[in-house]
Amino acid sequence: MKTKISQALLGGVIGTAAMTMIMFMAPMMGIPKMNPAEMLSGMMGAPLIVGWMMHFMIGIIFAAAYVFILSSMLSKIKSKLAKGAIFGIIAFVFAQLVMSMMGKCILCMPSDIRMAMLMGTLLGHLVYGVVTAQFVKD
């Protein structure tokens, strides 16, 4: 890939798609249903297609932050897998902070589904981070 912008676009779209697949498979793993586009569109009172566009836009924006800022901060780490996992954890924490500010925090959910939902969301963000990192030239 030639430019950092193309790395962010491609990594963000494919990483977001991979994360979304994990989230849709969550019920098969005993994790409650998670549909980020449905949640986003519901919070905005907008059609589902707007939620999907927002979901992928957020994925591209996070990927751009990785490409332009975080990857150079992690330059001493040689493993793309490790860099991606760190990025995924950072994205997970950021997402939880933003969602809690919007009153949609997982920690506010009933305790019987809280841990499963947290693990599912963490897994999704780890997959997103690892997949996105594969598209960034070191």
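The values are calculated or read from the model by the stated rules, or taken from the named source; none is laboratory data. Nothing here was measured: the structure is a model prediction, and the numbers come from that model. Note: ideal-geometry Cβ built from the backbone for every residue, glycine included; neighbour counts use all protein chains shown.
Things worth noting here:
- A search for C-beta distances below 7 Å between a residue of the stretch 111-133 that is farther than 27 Å from residue 66 by Cβ and any residue that is part of a helix (DSSP H, G or I), counting only pairs 6+ apart in sequence or on different chains, returns 114/106; 114/107.
- Filter result for residue 43 (assigned to a helix (DSSP H, G or I), within 17 Å of residue 131 (Cα to Cα) and at pLDDT below 90): no
- Close pairs (9 angstrom Cβ cut-off, 6 or more residues apart or separate chains): part of a loop (DSSP other than H, G, I, E, B) in the stretch 64-78, at pLDDT below 95 anywhere: 75/138; 78/138
- Residue that is surrounded by the fewest Cβ atoms within 10 Å (Cβ to Cβ), among those in the stretch 81-94 that are under 11 Å from the mean Cα position of the chain (by Cα) and of a type in the set (Val, Ile, Thr): 93
- Those residues of the stretch 62-80 which are of a type outside the set (Gly, Ala, Ser) and surrounded by 13 or more Cβ atoms within 10 Å (Cβ to Cβ), in sequence order: 62, 66, 67, 68, 70, 74, 77, 80
- Per-region count, the stretch 1-60, residues within 25 Å of residue 114 (Cβ to Cβ) and not polar (S, T, N, Q): 29
- Members of the stretch 2-39 that are touching a residue at least 40 places away in the same chain (Cβ under 8 Å), at negative phi and part of a loop (DSSP other than H, G, I, E, B): 31, 32, 34
- Candidates are the residues of the stretch 1-37 that are at pLDDT 90 or above and polar (S, T, N, Q); the one that is farthest from residue 57 (Cα to Cα) is 3.
- Residues in the stretch 46-63 that are in contact with a helix residue (DSSP H, G or I) (Cβ under 7 Å, 6 or more places away or on another chain) and part of a helix (DSSP H, G or I): 48, 50, 51, 52, 54, 55, 56, 59, 60, 62, 63.
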